[in-house]
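Visitor: Pasting a structure below so you can have a look.
The values are calculated or read from the model by the stated rules, or taken from the named source; none is laboratory data. Here the structure is a predicted model, which is why all the values come from computation and not from measurement. Quick reminder, even Gly has a Cβ in these numbers, built from the backbone with ideal geometry, and neighbours come from all protein chains shown. Keep in mind that these areas ignore ligands, DNA and RNA; they rest on the heavy atoms of the full protein, side chains included. Shrake-Rupley method; radii C 1.70, N 1.55, O 1.52, S 1.80 Å.
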Amino acid sequence: MTTFVDRVELHIAAGNGGHGCASVHREKFKPLGGPDGGNGGRGGDVILTVDQSVTTLLEYHHSPHRKATNGKPGEGGNRSGKDGQDLVLTVPDGTVVLDKRGNVLADLIGHGTTYVAAEGGRGGLGNAALASARRKAPGFALLGEPGRSGDIVLELKTVADVALVGYPSAGKSSLISVLSAAKPKIADYPFTTLVPNLGVVTAGSTVYTIADVPGLIPGASQGRGLGLEFLRHVERCSVLVHVLDTATLESDRDPVSDLDVIEEELRHYGGLDDRPRIVVLNKVDIPDGKDLAEMIRPDLEERGYRVLEVSAVARTGLKELSFALADIVAKARAAKPKEEATRIVIRPKAVDDTGFTVTQEEDGLFRVRGDKPERWVRQTDFNNDEAVGYLADRLSRLGVEEELMKAGARAGDGVAIGPEDDAVVFDWEPTMMAGAEMLGRRGEDHRFEAPRPAAQRRKDRQAERDEATREYDDFEPF
């Protein structure tokens with residue numbers, strides 16, 4: 001049974017906004033007291049927040065589908081709907097949020113750090129909010145906007161100062177168990193460690209964390225063994241410690257070749273060339289291990305490595321190792337730039353920015369893209385002619401018709417508002433100008449009455465017959 005999960009795919013959906021209400025105030029002696037429809041409530045957001053008490057993404061592995069609550073619809077009597085409740089998902093410190101293509105959306109480090117993964121939809125306006133001096137009693141309300149939804153990937157990258165890397169059974173778990181209070185599983189067979197182990201080490205005035213990364217083998221950067229699963233956990237470390245087994249029982253292995261293999265895998269993984277390295281020759285309490293360590297130490301020092309001989313069992317050399325790591329960690333922390341308070345940057349839009357674009361596609365269709373037009377379309381009830389007329393008025397005031405004319409659109413051309421997979425397509429009629437005074441009964445707009453060409457042809461023919469009859473009646477014989 002899986003007990004540690006550091007990568008999950010999460011399917012999230014924010015709450016939908018509540019619909020606005022179209023209502024008219026009624027009481028005795030006041031049958032039409034004016035519009036009083038309330039606004040819909042806002043949909044809940046999906047928010048990720050860092051919690052230090054959470055150490056794994058196991059919860060989301062078992063339940064990957066998460067959805068916030070919807071906003072409530074508005075009601076009569078100017079009563080607005082209740083906002084949806086935000087869905088807060090706790091994640092471990094060091095969680096990276098990515099989209100399906102692998103692009104980083106957020107890097108969550110530090111307790112309490114939050115990220116809004118999906119925004120809830122806006123609530124629709126009721127007819128009370130839509131009323132104006134020219135539109136005194138709207139017979140429609142705006143629909144609630146759908147909440148954002150999609151798939152995201154959560155990857156956990158351990159936040160540790162020191163990473164112990166090396167072949168399976170090199171003694172990494174034993175080393176972290178004696179350096180810190182961590183209690184990892186220790187056994188004499190490969191791949192005993194199946195999950196990264198974290199420990200806290202105190203050396204003088206420096207306190208740092210150390211991570212035991214599961215054993216790496218040749219081909220780990222391409223997915224062989226467990227290496228690819230946990231190589232991401234060394235990315236945040238300040239120093240890498242190569243733990244080499246000087247008393248291995250495998251005849252085809254030696255500490256130097258083990259070091260070369262691990263370095264090759266780290267190079268293939270990438271992004272770790274700038275990290276300082278320390279080589280730890282472990283198991284020197286065994287006579288053969290001590291002899292081999294003395295033999296290969298000059299060669300490793302010639303390569304520029306700082307080499308330390310330790311024994312996790314005999315607990316020798318641990319103090320020197322602990323203070324050496326503390327010195328490197330302290331220097332790395334001092335070299336980091338000081339964190340400054342986040343500045344609020346205001347970027348006003350250009351005056352000539354219309355907020356939308358009009359482009360003509362290969363098939364002749366004109367496509368309108370922009371935040372406002374697309375949002376207005378989503379909030380329009382197309383079963384209500386007056387609501388559609390209100391949409392036409394808003395688009396006209398925004399300048400969409402003017403831009404369509406500039407782009408070469410003519411009457412009858414197809415126009416689509418929105419992306420290809422979710423767009424509203426209609427035949428453009430440039431004569432549909434704004435004007436609330438053109439409205440008829442509540443909920444109707446004669447600009448959107450369906451044309452009846454056959455009936456018009458019959459009327460034209462009847463008019464021609466009537467005209468011929470009048471000419472015949474007016475004819476006077478000689």
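Visitor: Among the residues of segment 363-400, which ones are closer than 16 Å to Arg135 by Cβ, among the charged types (D, E, K, R) and without any contact (Cβ under 8 Å) to a residue 60 or more places away in the chain?
Guide: Answer for segment 363-400, where residues must be closer than 16 Å to Arg135 by Cβ, among the charged types (D, E, K, R) and without any contact (Cβ under 8 Å) to a residue 60 or more places away in the chain: Asp393, Arg394, Arg397.
Visitor: Mind listing just one residue for me: the one in segment 1-48 that is open to solvent by less than 70 Å² (accessible area, probe 1.4 Å) and hydroxyl-bearing (Ser, Thr, Tyr) and, of those, modelled with the highest pLDDT? If you could, list the steps in order and put the result at the bottom.
Guide: Let us first name the residues in segment 1-48 that are open to solvent by less than 70 Å² (accessible area, probe 1.4 Å), namely 2, 4-6, 8, 10-18, 20-25, 33-41, 43-48.
Now restrict to residues that are hydroxyl-bearing (Ser, Thr, Tyr): 2, 23.
Numbers: Thr2: 43, Ser23: 91.
Looking at residues that are open to solvent by less than 70 Å² (accessible area, probe 1.4 Å) and hydroxyl-bearing (Ser, Thr, Tyr), I get Ser23.
Visitor: If you take the residues in segment 394-419 that are surrounded by fewer than 20 Cβ atoms within 10 Å (Cβ to Cβ) and under 21 Å from Arg122 (Cα atoms), which one is nearest to the chain's Cα centre (by Cα)?
Guide: Pro419
Visitor: Hey, another quick one. What pairs come up if the first residue lies in segment 401-422 and is within 9 Å of Phe366 (Cα to Cα), the second is assigned to a helix (DSSP H, G or I) and at pLDDT 90 or above, and their beta carbons are under 6 Å apart, counting only those six or more places apart or on different chains?
Guide: Short answer, once both residue conditions are applied: Ile417/Pro373; Ile417/Val377.
Visitor: Given the structure, is Val388 surrounded by 15 or more Cβ atoms within 10 Å (Cβ to Cβ), under 21 Å from Gly123 (Cβ atoms) and among the hydrophobic types (A, V, I, L, M, F, W, C)?
Guide: Numbers: surrounded by 15 or more Cβ atoms within 10 Å (Cβ to Cβ): yes; under 21 Å from Gly123 (Cβ atoms): yes; among the hydrophobic types (A, V, I, L, M, F, W, C): yes.
In short, yes.
Visitor: Applying the selection to segment 1-55, what residues are among the charged types (D, E, K, R), in a loop (DSSP other than H, G, I, E, B) and without any contact (Cβ under 8 Å) to a residue 40 or more places away in the chain? Full working, then the answer.
Guide: Residues of segment 1-55 that are among the charged types (D, E, K, R), as a first pass: 6-7, 9, 26-28, 30, 36, 42, 45, 51.
This time we only want the ones that are in a loop (DSSP other than H, G, I, E, B), so: 6, 26, 28, 36, 42, 45, 51.
Within segment 1-55, Arg26, Lys28 meet the criteria.
Visitor: Moving to a separate point now. Just the residues that are under 28 Å from the mean Cα position of the chain (by Cα) and basic (Lys, Arg), please, taken from segment 14-48.
Guide: Residues of segment 14-48 that are under 28 Å from the mean Cα position of the chain (by Cα), as a first pass: 14-19, 40-48.
Scanning segment 14-48 gives a single hit, Arg42.
Here's the yes/no breakdown for (1) open to solvent by 70 Å² or more (accessible area, probe 1.4 Å); (2) under 23 Å from Val207 (Cα atoms); (3) not aromatic (Phe, Trp, Tyr):
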residue	(1), (2), (3)
Asp274	yes, yes, yes
Val279	no, yes, yes
Asp285	yes, no, yes
Arg303	yes, no, yes
Val313	yes, no, yes
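Visitor: Starting from segment 230-249, take each residue that is touching a residue at least 12 places away in the same chain (Cβ under 8 Å) and list its partners that are hydroxyl-bearing (Ser, Thr, Tyr), counting only C-beta distances under 7 angstrom and pairs at least six apart or across chains.
Guide: Leu231/Ser221; Leu231/Tyr269; His233/Thr158; Arg236/Thr158; Asp245/Tyr167; Asp245/Ser169
Visitor: Being open to solvent by 90 Å² or more (accessible area, probe 1.4 Å) and at pLDDT 90 or above is the filter here, so list the residues in segment 56-70 that pass it.
Guide: His65, Lys67
Visitor: Checking Leu98 against (1) of a type outside the set (D, E, K, R); (2) under 26 Å from the mean Cα position of the chain (by Cα); (3) crowded, with 19+ Cβ neighbours inside 10 Å, only one condition comes out false. Which one?
Guide: (3)
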